[in-house]
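The values are calculated or read from the model by the stated rules, or taken from the named source; none is laboratory data. All values derive from a computational prediction rather than experimental measurement. In this analysis, Cβ positions are derived from the backbone assuming ideal geometry, glycine residues included, and neighbour counts consider all displayed protein chains. Please note that ligands, DNA and RNA were not included when accessible areas were found on the heavy atoms of the full protein model with its side chains. Shrake-Rupley method; radii C 1.70, N 1.55, O 1.52, S 1.80 Å.
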Amino acid sequence: MIVTVTPNPGLDLTYTLTPGDALTRNDIEVHRAASVSIEASGKGVNVTRTLAGAGVASEAVLGVGGATGAQLVQLLDRDGVRHRAVSTAGATRVNTTVLAPGG
């Protein structure tokens, strides 16, 4: 069994913008999201997910807090990633990425 430790895990939130759908108002472009995805992340979480996918027994130990921490645990449960969550005082972080058409 391999145990990974992730003291600062996060949620990866990704917005993919719709190509050619920008609205311009007063020199400001407004884009619509074609899709949104969210997944549990953090170095140890990612290593545990990869090891499990390769058939190697692994468990992620991670600190989680607040509503975002609860959501992270739910995502790990949904994905079947073995984990042990330790309650922390602050909210678990969210990393936000916006993917624009054409890079």
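Tabulated values for the structure
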| read-out | value |
| --- | --- |
| Of residues in the stretch 87-103 being of a type in the set (Val, Ile, Thr) and surrounded by 14 or more Cβ atoms within 10 Å (Cβ to Cβ), the one farthest from the chain's Cα centre (by Cα) | Thr88 |
| Residues being within 11 Å of Leu11 (Cα to Cα) and open to solvent by 20 Å² or more (accessible area, probe 1.4 Å) - total across the stretch 27-63 | 3 |
| Some residue of the stretch 74-82 being buried (at least 18 other Cβ atoms within 10 Å of the Cβ), closer than 16 Å to Ser41 by Cβ and without any contact (Cβ under 8 Å) to a residue 60 or more places away in the chain | yes |
